[in-house]
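Engineer: Following this message is one structure expressed as structure tokens.
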Amino acid sequence: MKNKSFKDILISNAVPIIFLVLSAAAIPLSGFTTSYLIQEMVTRMGRNCFLVLSLLIPIAAGMGLNFGMVLGAMGGQIAIILVTDWNIVGMQGLLLAAMISTPISLALGWLTGEILNRAKGREMVTSFMLGFFMNGVYQFIVLYGFGMVIPVENHAMLLSRGFGIRNAINLQGVRQVLDKFLMVDIGPIHVPMAAFIVIALFCLFILWFNRTKLGQDMRAVGQDMAVAKSAGIAVDRTRIIAIIISTVLAGYGQIIFLQNIGTMNTYNAHEQAGIFAIASLLIGGATVSRATITNVFVGVMLFHLMFVVSPMAGKTLMGQAQLGEYFRVFVSYGIIALALVLHALRRRMDKERERQSLRGGDAPAPANGH
Amino acid sequence: MKRGIVFLALIALVTFFAGGALADAPFHIGIMTGTLSQSEDDLRGAEKLIEMYGDVANGGMIKHVTYPDNFSSEMETVIAQLVGLADDPLMKAIVSVQGVPGTTEAYRKIRERRPDIILLIGMSQEDPNLTTQAADVVTDPDNVARGYLIVKAAQKLGAKTFVHISFPRHMSIELLSRRRAIMEEACKDLGMTYAFETAPDPTSDVGIPGAQQFILEKFPAWLDKYGKETAFFCTNDAQTEPLLKRVAEMGGFFIESDLPSPLLGYPGALGVDLSSVQGDWPAILKRVEDAVVAKGAAGRMGTWAFSFAYTTGVAMGEMGKKLVEEGKTPEDFKNGNIDIKKEVLEAYGKFSPGAEWNASFYTDASTGVTMKNYPLLYQDTYIFGKGYMKMTDEVVPDKYFTVTGQ
Amino acid sequence: MKARRLVVRAAALFLFVALGVFLFVNGKGHDILLDNKTVTMGDQTYEAFASALISLDGKKAVEIQRRERLPEMLVGKNHVIRVEVMNRGGKVIQTREEKFSLGLDRTWLISLPMLISGDARWIQVFKTGEN
């Protein structure tokens, strides 16, 4: 492991490198100014990092990428719908939304944890499917519950039939409350300091958490459940806690995301939250079993850089505005698929290498996973 | 950790070398429309603007971007596309044709960074209370006035009965159900018989073909039931085509469709080939008219001579250009230095020669607040084989503006 | 030991709820409709005035003309309104300042002519669709 060859480094960082190369080619084509791009990156880091960070703890606990984070996002959205309906504005509204989302996310996280404990080893696909299942429940609640069971005072939010929330809600009251709370101008760039402080606190929390007893336990569970169990760690409980923490934080993350966007897509916002967060993390060079805070920041930056420049770059390349849009869809989603493929490939390589080292052989890693 | 820092440095480096392109036009106008697959007419409007004033990429004035086809789930992209337009220091006006969800938020962001850019929306899909605060001017078709005017036009043509064809999903949309109620009320006042007919929803299990088939098969029965002096109106675009086909063949009246355009339904219903006159509205109208007259339906079928979506795209761009050239800024809108109704009518009229327009300001039904930057427009109805109906000269009685959908 | 834990938890829960209620009351946004139209209340008629400057909670004043209705937004419970009535020449002829507190209803209608004349019913809950 110590003297990795150049090729190894290249392969294990293939995704970020491909991204960087593509972005480097696309940026001049897009014709955006430097200050615009930096501003966009700063804004997008502020709004997305928290969501992506919420994925880290379950990875440490060996549970893979928590696709179940969309459940937390749903909790955050329900809280934001309520707060918007009650018209609680400003920081109060944002804090209240976070408070309301907490018990919802707690319950959803506990549910996810319980289910994942019954599907050990297949956490990712299970949580992915759980997301779909809960999406149905969420739609039922929002489309029928609101206005029927949960009273809604603001009729502008309801469909004209009298129940069900409209598909897009303007979050006038809590819009950019956190961002504007402490806006620092560095040159022409507006930096939403408060959002970054919250993110920094989150990072510190993760670092601190890793040193606590619970954090150590989680890593032990992540390494080997059987060993952890024999060492007297309550494996199932530890795993549930990891998922609960992730889900609750994802709920806060979604609230931060939505306050920045300012409008909410009632029925789709959470779906994107999960996919984009996971894609960002993978693009940042993380794997299913190992992810660091650095991966988060690099990933969010690269992913969104591509997102911003590709439509314009596509337009320049093909000369037509609508082709630029198709180009963006093609590149962005194509790269997510590529990230997932490369990720699987790398996992196989890691396994191969592990097997080699178990055999005690010093043979170099195979060039391609066979 | 080190790896991360290297990456960040590289990104910064790459970003640094990317400069904005300089162009020759004194200022730029940005326009966002749907793609061809989503909404053709708006796109054609933007292309007309490019044809007139050139693309920014070639030193012209117009910068055209599109919103995603599934715009409702990619709001972040809608916002990024619009805000990206404002990155150009020469950008002076931005137009969104079809203000899809996210437009309002994008406009708020643009206004914060670039208060000098004039922001316009044609056909908004968001809450008027918010769009009118974010944008300088918002326009939409005046479906309230049209509820009365369509019935009035039918009466002028000699119709005795008015049949409104729709289905429950559409009738649960506020504006559509309100227009239906207005039509019923207008029939009562104008001494006509009003009738409602239900057709299957094309988004249900029967699909578009089933819904169209239903109209084709049911129409003769309707005509028997109500007589030939009956005007038909249909809320669904897909069902308009078979309806037009039957009206042309068998009789009855068709005043105009839900969002009128000579392209809506007519080419398919009457088998008109328009490929050689793309974007040339008078020529399109002529060809459709010839086809209608050939079917013996002259004086019974109508439309708007110029597509609303197309005219909106090109007119809003033109209005933006004119105001920028006059040195106007968003401040002038705030201070009431611009006669919005006049400017809008002038711009719309410029690209629809011969067709009259009328505009009135939107009044919020629940608070009674009038929004003076939200003109609602309608065009004079054009009846094939007969000409314009002078509907813009008609006065819509006040009472219709307070008729609700209930 | 168990009892103590229970007490701590109950206290935490109570604090959580209390904070929520505090945020709810304190952060509630209200839509205020400032109305300068002639109103008749029973046998009394309050004439609208040519124009006035309205300042809410000491913020920058907005000008309102005869027959106009302007929307404003207020956050929280207790507020102050200051009305400066102007004549046609734009000279302030009358000033009045009133304190008011808002309940949990969303939209409130303030009738400026009534406020100036000292009719206590100058602020009322506004039900949408009433006008």
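The values are calculated or read from the model by the stated rules, or taken from the named source; none is laboratory data. Small disclaimer: the values here were computed from a predicted structure and weren't measured. Neighbour counts run over all protein chains shown; Cβ positions are idealised from the backbone, glycine included. Just the protein is used for accessible areas: all its heavy atoms, side chains included, with ligands, DNA and RNA removed. Shrake-Rupley method; radii C 1.70, N 1.55, O 1.52, S 1.80 Å.
Engineer: Would you look at the GNM of chain A, springs on alpha carbons closer than 10 Å, and say which of A:Leu317, A:Leu340, A:Leu55 moves the most?
Structural biologist: It is A:Leu317.
Engineer: C:Arg82: net charge of surrounding residues, Cβ under 12 Å, Lys/Arg +1, Asp/Glu -1, itself excluded?
Structural biologist: Once all neighbours under 12 Å are counted, the net charge is 0.
Engineer: How far is helix B:75-85 tilted, in degrees, relative to the longest principal axis of the Cα atoms in chain B, given as a value from 0 to 90 rounded to the nearest 10?
Structural biologist: It works out to around 60 degrees.
Engineer: Per residue and in Å³, how big is the convex hull formed by the alpha-carbon atoms of the range A:173-219?
Structural biologist: Taking the convex hull of the Cα positions in the range A:173-219, it is 100 Å³ per residue.
Engineer: So for chain B, averaging the separation of alpha carbon pairs under 8 Å that are six or more residues apart and normalising by length, what relative contact order in percent results?
Structural biologist: This gives 17 percent for chain B.
Engineer: Round to the nearest 0.05 the FRET efficiency obtained for A:Lys120 and A:Arg211 when R0 = 35 Å and r is the Cβ-Cβ distance.
Structural biologist: For R0 = 35 Å, the calculated efficiency reads 0.85.
Engineer: Hey, in the GNM for chain A with a 10 angstrom Cα cutoff, which one of A:Leu345, A:Leu116, A:Leu178 fluctuates hardest?
Structural biologist: A:Leu345
Engineer: Using a/c under 1.5 as the rounded threshold, could you call the protein assembly as shown rounded, prolate or oblate? The axes a ≥ b ≥ c are square roots of the C-alpha gyration tensor eigenvalues, and prolate needs a/b larger than b/c, oblate otherwise.
Structural biologist: prolate
Engineer: Now, a different point. Just the accessible area for B:Tyr400, please: 1.4 Å probe, Å², rounded to the nearest 10?
Structural biologist: In the full protein context, B:Tyr400 sits at about 0 Å².
Engineer: Let me cross-check A:Arg166: its accessible surface, 1.4 Å probe, with only protein heavy atoms counted, in Å² to the nearest 10?
Structural biologist: The value for A:Arg166 is about 90 Å².
Engineer: Also, I was wondering about something else. Taking a virtual spin label 7 Å from the Cα of B:Ala221 along the C-beta vector, which residues in the range B:175-205 bring their backbone nitrogen under 14 Å of it?
Structural biologist: B:197-200
Engineer: Explain nothing, just the number: relative contact order of chain A, from Cα pairs under 8 Å at least 6 residues apart, as a whole percent.
Structural biologist: About 30 percent, as a whole number.
Engineer: Additional query: Quick one: if you stick a label point 7 Å off each Cα along the C-beta vector at C:Leu15 and A:Ala234, how many nm between them?
Structural biologist: Placing both labels 7 Å along Cα→Cβ, they lie 2.3 nm apart.
Engineer: Further question on the same structure: Using the structure shown, list the pairs from B:Lys295/B:Lys399; B:Lys109/C:Lys60; C:Lys28/C:Lys91; B:Lys188/B:Lys342; B:Lys286/B:Lys321; B:Lys321/B:Lys372 with a Cα-Cα distance above 28 Å, or answer none.
Structural biologist: Working: B:Lys295/B:Lys399 39 Å; B:Lys109/C:Lys60 23 Å; C:Lys28/C:Lys91 36 Å; B:Lys188/B:Lys342 34 Å; B:Lys286/B:Lys321 30 Å; B:Lys321/B:Lys372 21 Å.
Exceeds cut-off: B:Lys295/B:Lys399; C:Lys28/C:Lys91; B:Lys188/B:Lys342; B:Lys286/B:Lys321.
Engineer: Please report the Cα spread of chain C along all three principal axes, rounded to whole Å, starting with the longest.
Structural biologist: Rounded to whole Å, the extents work out to 77, 31, 22 Å.
Engineer: On to the next question. Let a ≥ b ≥ c be the square roots of the eigenvalues of the Cα gyration tensor of chain A; is it rounded (a/c under 1.5), or, if not, prolate (a/b larger than b/c) or oblate? Display every interim value, and only then the final one.
Structural biologist: Details: a/c = 1.81, a/b = 1.20, b/c = 1.51.
In terms of gyration-tensor shape, oblate.
Engineer: Mean residue ellipticity at 222 nm from the helices of chain A, using -39,500 (n - 2.57) per DSSP H segment of n ≥ 4 over the full residue count, to the nearest 500 deg cm²/dmol? Please report the intermediate quantities before stating the final value.
Structural biologist: Values: 15 runs with 261 residues, N = 370.
Roughly -23500 deg cm²/dmol at 222 nm, from the helical runs in chain A.
Engineer: State which helices in chain A qualify, where a helix is a whole DSSP H run, it must extend 30 Å or more along its own axis by its Cα atoms, and its mean Kyte-Doolittle hydropathy must be at least 0.0. Mind showing how you got there, number by number?
Structural biologist: Working: long enough: A:90-117 (39 Å, 1.13); A:235-261 (39 Å, 1.15); A:293-318 (37 Å, 1.52); A:321-359 (57 Å, -0.14).
Going by DSSP H runs, the hits are A:90-117, A:235-261, A:293-318.
Engineer: Using a Förster distance of 25 angstrom, determine the FRET efficiency expected from the C-beta separation of A:Arg359 and A:Ile9, and round it to 0.05. Before the final figure, lay out each step's value.
Structural biologist: Values: r = 24 Å, r/R0 = 0.94.
Calculated value: 0.60.
Engineer: Moving on. Compute the helix-to-body angle for B:340-350: its Cα long axis versus the longest principal axis of chain B, expressed 0 to 90° and rounded to tens.
Structural biologist: Helix B:340-350 sits roughly 70 degrees off the main axis of chain B.
Engineer: Compare C:Lys60, C:Lys91, B:Lys92 by solvent-accessible area with a 1.4 Å probe and give them largest first, with all protein chains kept in place.
Structural biologist: C:Lys60, C:Lys91, B:Lys92
Engineer: Compute the helix-to-body angle for C:2-27: its Cα long axis versus the longest principal axis of chain C, expressed 0 to 90° and rounded to tens.
Structural biologist: The angle comes out near 10 degrees.
Engineer: Report C:Glu84's accessible area, 1.4 Å probe, all protein chains in place, as a number in Å² to the nearest 10.
Structural biologist: Taking all protein chains as shown, C:Glu84 has close to 50 Å².
Engineer: Nearest-5 percent of antiparallel DSSP beta bridges in chain B?
Structural biologist: Within chain B, antiparallel bridges account for around 25 percent of the total.
Engineer: Quick check: with the 1.4 Å probe, what order do C:Ile123, A:Ile186 take by accessible area, largest first? Please report the intermediate quantities before stating the final value.
Structural biologist: Details: C:Ile123 40, A:Ile186 100 Å².
If we order C:Ile123, A:Ile186 from most to least accessible, we get A:Ile186, C:Ile123.
Engineer: So, one more: Just want to confirm a number: the relative contact order over the range A:116-199, from Cα pairs under 8 angstrom separated by 6+ residues, in percent. List each step's numbers first, then the result.
Structural biologist: Working: 60 pairs, mean separation 12.5, N = 84.
Dividing the mean separation by the residue count of the range A:116-199 yields 15 percent.
Engineer: Here's something else I'd like to know. Quick one: ranking B:Val272, B:Val288, A:Val341 by accessible area, 1.4 Å probe, largest first, what do you get?
Structural biologist: A:Val341, B:Val272, B:Val288
Engineer: With chain B treated as a Gaussian network of Cα nodes joined by springs under 10 Å, which of B:Trp304, B:Trp357, B:Trp222 yields the largest mean-square fluctuation?
Structural biologist: So, out of B:Trp304, B:Trp357, B:Trp222, the one fluctuating most is B:Trp222.
Engineer: Counting only DSSP beta bridges with both residues in chain A, what percent are antiparallel, rounded to the nearest 5?
Structural biologist: Taking every DSSP beta bridge within chain A, about 90 percent pair in antiparallel fashion.
Engineer: Using only helices, what value at 222 nm comes out for chain B when you add -39,500 (n - 2.57) per DSSP H run of length 4 or more and divide by the total residues, to the nearest 500 deg cm²/dmol? Write out the running numbers ahead of the final one.
Structural biologist: Numbers: 15 runs with 181 residues, N = 406.
About -14000 deg cm²/dmol.
Engineer: Let me ask you something else. Can you bin the range A:248-332 into rounded, prolate or oblate? Criterion: square roots of the alpha carbon gyration tensor eigenvalues sorted a ≥ b ≥ c, rounded for a/c under 1.5, prolate for a/b above b/c, oblate for the rest.
Structural biologist: Taking the square roots of the gyration eigenvalues as a ≥ b ≥ c, the range A:248-332 is oblate.
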